[in-house]
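Remarks on the structure that follows.
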Amino acid sequence: MKLIGIKRVITVQRFVIIHLGMAHITNHTHKFLHSIINIMHYALQEDLYYPHPLVQDILWGILHNVAEPILTHWPFSKLREKAIKVAMEHVHYNDECSRYLGIGIVVKVLSLLATWVEDPNGDAYKRHLARISDYFWVAEDGLKIQSFGSQMWDAAFAIQAILSSNLAEEYGHVLKKAHDFVKSSQVRNNPPGDYSKMYRHTSKGAWTFSMQDNGLQVSDCTAEGLKVALMYSQISPELVGEKLETERLYDAVNVILSLQSVNGGFPAWEPQRAYSWLEKFNPTEFFEDTLIEREYTECTSSAIQALTLFMKLHPGHRTMEIEDCISRAVNYIKDAQNPDGSWYGYWGICYTYGAWFAVDALVACGYNYHNSPAIQKSCEFLLSKQLSDGGWGESYLSSANKTYTNLDGNRSNLVQTSWALISLIKAGQAEIDLTPISNGIRLLINSQMKEGDFPQQDITGVFMRNCTLNYSAYRNIFPIWALGEYRRLISN
């Protein structure tokens, strides 16, 4: 994977130097870099997850060997100048919308380089520099650069974990601070100007993956933000602070409804509006399903859960539209289930993650083990993967190969064990047989360290099927959540 990183740096560097024209590059150097890129293309076959189709190789070959030389000479160079001008307008617009935070480290670096090439003494470049520290992450073993912050995402799950434990009174001060963060993190305005012309979507009322500065609406982050805001509204304000204004709840609902696709599912960032055949031009080689937006079980589940809770507490706002939205989303969840009872998880590893979201969505709509064949099959699938120590442990290969794969040595992972346990508890498996759940809970209890922490184990986050993401807070959030759900189950 280090070689892939080198290749990408060379590609980006070459793009900035050649296409933005700030520095001159000799023909000899050009050929040298091109040779390196070609060599690395063939040397990285073991990392070639998404091979280029022939049509793509032909396209890139024509663009590089024919189009690029032509576009460097007058009068075609005028077309290139116009294209660069339009591209920079989009760079600046998105920088301003995110207050120069960007939407992730890759875009951050590219925008930083583009503004430097444009004007190394300009305000845009200086503002970019000021926000590099947002990507710093001090881990147990030193300073790292993270792909992006997950502040809002983690906070929403942590809040629900604490509330599930029935310890709100004891941790009211923590919940109040988290509530303040949730309220301050909601996006209050749409992007400026004619944002549709800049290919942006309505964002007023949304929550982002990180914090308000980011500005980019995300369907599941908005849904989880709405869900915890509604949960807070049912708790005494003396304990957790004043609830979110009703109008702001409406804004969040409006964003969620605007993101649903025709098939009932929910994409992550924007409505699905591109053709699937465009994936044939995915140039990354090591990612799949990356070029166009698509629907996800997890995003759809979060939307269902938030909207069903909203309907119970605020039945008068866009009632018919919400009911129709939920109905179509539930059908999407059911259709997404695999024949073996599993759901593929796109943003977590993998089938345990998908099951947790899917089952939660169905349960929120009144389904349970007794009246839903989908839930029954999901329980059977999860139980078939339980390990001898009571836990579950799923390898990142599940995501890449699209088939459930245990961790090496059949090790358990506490986060994935928690996802499976929450699914089984919510599904009503305890009414059939409590033993598998109790065995998993016993593993969680016995794995807790003396400081109260849970150990950091294998990475459980993923995206684009082939790139893992480390959510360091998960190791505590989800065991607490599972233990809280189990305590509630036993108490009842």
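A short reminder: the numbers here are calculations on the coordinates, not readings from a lab. Keep in mind that this is a model prediction, so the values were computed, not measured. Heads up, the Cβs are rebuilt from the backbone with ideal geometry, glycines too, and the neighbour counts pull from every protein chain shown.
When Ser184, Ser418 are arranged by Cβ crowding within 10 Å, least crowded first, meaning fewest neighbours, the order is Ser184, Ser418.
The alpha-carbon of Lys377 sits under 22 angstrom from the alpha-carbons of these lysines, leaving out residues fewer than 8 places away in its chain: Lys334, Lys385, Lys402, Lys426. Rounded, prolate or oblate: which fits the stretch 203-293, taking a ≥ b ≥ c as square roots of the Cα gyration tensor eigenvalues, rounded meaning a/c under 1.5, else prolate when a/b beats b/c? Cα axes put the stretch 203-293 in the prolate bin. Taking a straight Cα-Cα cut-off under 12 Å and skipping sequence neighbours fewer than 8 places away in the same chain, the aspartates and glutamates within cross-link reach of Lys312 are Glu323. Per residue, the convex hull around the alpha carbon atoms of the chain comes to 169 Å³. Averaging Cα coordinates gives a centre for the stretch 154-182 and one for the stretch 437-492; these two points are 17 Å apart. Relative contact order for the chain using alpha-carbon pairs under 8 Å, separation at least 6, rounded to a whole percent? Taking the mean separation of contacting Cα pairs over the length of the chain, I get 12 percent.
Within the stretch 240-264, list the residues whose amide N lies under 19 Å from a label point set 7 Å along Cα→Cβ of Arg328. Those under the cut-off are 252-264. Here the gap between Lys78 and Glu451, fully extended at 0.36 nm per residue and compared with their Cα-Cα distance, gives a gain of 127.8 nm. With K and R counted +1 and D and E -1, the other residues having a Cβ less than 9 Å from that of Pro267 yield a net charge of -2.
Computed packing ranks the peptides 237-244, 435-442, 311-318 as 435-442, 237-244, 311-318, most packed first, by mean other Cβ atoms within 10 Å.
For Lys204, the residues whose amide H sits under 5 Å from its own are Asn190, ignoring neighbours fewer than 5 places away on the same chain, with H placed 1.01 Å from N. Between the amide H of Asn406 and those of Ser395, distances stay under 5 Å, these residues lying 5 or more places away or on another chain, with hydrogens modeled in the peptide plane.
Inter-part distance, the stretch 83-134 to the stretch 380-408, computed on C-alpha centroids, equals 41 Å. If only the Cβ of Lys and Arg carry +1 and only the Cβ of Asp and Glu carry -1, the dipole of the stretch 62-124 around its Cα centre is close to 180 debye.
Quick one: go through the stretch 195-210 and flag any residue whose amide nitrogen is under 18 Å from the point 7 Å out along the Cα-to-Cβ line of His90. Only 195-202 pass the distance filter. Estimated from helices alone, the mean residue ellipticity of the chain at 222 nm is -17000 deg cm²/dmol (sum of -39500 (n - 2.57) over DSSP H runs with n ≥ 4, per residue). Available extension along the chain between Glu293 and Ser388 is 30.3 nm, counting 0.36 nm per residue and deducting the alpha carbon span. Magnitude of the charge dipole for the chain, about its Cα centre and with charges confined to Cβ atoms of Lys, Arg (+1) and Asp, Glu (-1), is about 760 debye.
The mean sequence separation of alpha-carbon pairs under 8 Å and at least six residues apart, normalised by the residue count of the stretch 51-139, gives a relative contact order of 18 percent. Each of Tyr353, Tyr275, Tyr171 has some number of other Cβ atoms within 10 Å of its Cβ, and from fewest to most they run Tyr275, Tyr171, Tyr353. Neighbours of Val240, meaning other residues whose beta-carbon lies under 10 angstrom from its beta-carbon, give a summed charge of 0 when Lys and Arg score +1 and Asp and Glu score -1. Annotation: amide H of Val462 within the under-5 Å range of Gly348, Ile349, Leu469, sequence separation 5 or more or interchain, hydrogens built in the peptide plane. Stretched out straight at 0.36 nm per residue, the stretch from Gln146 to Cys365 would grow longer than its current Cα-Cα span by 75.2 nm. Each part reduced to its alpha carbon centroid, the stretch 204-249 and the stretch 311-341 end up 20 Å apart. When Ser412, Ser276, Ser301 are arranged by Cβ crowding within 10 Å, least crowded first, meaning fewest neighbours, the order is Ser276, Ser412, Ser301. For the stretch 117-190, the list of GluC sites (Glu not before Pro) that fall in a loop by DSSP and count at most 15 other C-beta atoms within 10 angstrom reads Glu140, Glu169, Glu170.
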